[in-house]
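Engineer: Take a look at the following structure, please.
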Amino acid sequence: MQQKPARPWADAAWAAPLLVCGAIAGPLFVGVFLITGATRAGYDPLRHPVSSLALGDLGWTQVVTFVVTGALTVAFAFGIRRALRPLGGSTWGPVLVGIWGAGLIGAGVFVTEPISGYPPGTPDRLTQYGSAHAALHDGVSVLAFVALVAACFVFARRFAGWGSPLWAAYSAMTGIVFTGAFVLSSMGFEQTEGLVNLAGLFQRVSITAAWCWLSLLALHLLRRQEIGDRAGG
């Protein structure tokens, strides 16, 4: 009698739905912050961070977005692990993507504090953290960002080994763009002159680049899964 897998996500039947989670997480996250950022009173998308959308009466929308997209990304990480087995597998790639997803959940649970004058009437920068929640928010966010960058370069190396130079280059370029834009946005939120009014834009470039890569990675793996199924594995 054939033994069933101990973990359901190890079954090939689970790979596709888990990869779909990764395909929809990015568009959902980006769509929400674009809409709410454009309609929130006193909020400037070019200046203020996405996390600031979690503040105020309607902040729950961003909190929910963090948690839902984070959970979808964690599920996606399990899908990556299963989908890459025919290629020899990858240990750190799925783990790092999972850390990015867990960091998003943490960023939703631990709400940030006011910065760059949002909500209106607050200072541009507090001299110290106003709450433990704010400190934890920054901590899990930095961990998530580092994990995502590392994932880009891990997959760049793996794709090069799998004979996919375009995907290797795209993964590496995503890591570079994400890192550069993230550093510039962080400097702006620290009130570095000349970057303050563009910090939100730089952050959106980094986040959008990351989500585009993750969504396209999910679609790419789904396509490979479909071809593999048609070929009988």
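Engineer: Would you calculate a helix-derived [θ] at 222 nm for the chain, using -39,500 (n - 2.57) for each DSSP H run of n ≥ 4 and dividing by the full residue count, to the nearest 500?
Structural biologist: One gets -24000 deg cm²/dmol as the mean residue ellipticity at 222 nm.
Engineer: On a 1.4 Å probe surface of the protein chains, which of V97, V183 comes out largest in accessible area, and what is the full order?
Structural biologist: Greatest to least solvent exposure: V183, V97.
Engineer: Stokes-Einstein at 37 °C, 0.692 mPa s, Kirkwood radius from Cα pairs: D for region 147-220 in µm² s⁻¹?
Structural biologist: 258
Engineer: Per residue, how many Å² of accessible area does the chain show with a 1.4 Å probe?
Structural biologist: Per-residue accessible area for the chain comes out at 49 Å².
Engineer: Please go through region 131-233 and write out the GluC sites (Glu not before Pro) that DSSP classes as loop and that have at most 11 other C-beta atoms within 10 Å.
Structural biologist: Counting only loop positions with at most 11 other Cβ atoms within 10 Å, the GluC sites (Glu not before Pro) in region 131-233 are E193.
Engineer: Using a 1.4 Å probe on the protein heavy atoms, what percent of the accessible area of the chain belongs to carbon and sulfur?
Structural biologist: Here carbon and sulfur together make up 68 percent of the probe-accessible area.
Engineer: Cα axis of helix 92-109 to longest principal axis of the chain: angle in degrees, 0 to 90, nearest 10?
Structural biologist: Here the helix axis deviates by roughly 40 degrees.
Engineer: Ok, one more. Just need the Rg to Rh number for the chain, please, alpha carbons only, Kirkwood Rh.
Structural biologist: For the chain, the value is 1.02.
Engineer: Sorted by packing (mean other beta-carbon atoms within 10 Å per residue), highest first, where do 135-146, 106-117 land?
Structural biologist: 106-117, 135-146
Engineer: A follow-up question, please. Could you order R158, R81 so the one with the most accessible surface comes first? Probe is 1.4 Å.
Structural biologist: R81, R158
The values are calculated or read from the model by the stated rules, or taken from the named source; none is laboratory data. Keep in mind that this is a model prediction, so the values were computed, not measured. Every residue, glycine among them, receives a Cβ derived from its backbone with ideal geometry; neighbour counts consider all protein chains shown. Heavy atoms of the whole protein, side chains included, go into the accessibility calculation; ligands, DNA and RNA do not. Shrake-Rupley method; radii C 1.70, N 1.55, O 1.52, S 1.80 Å.
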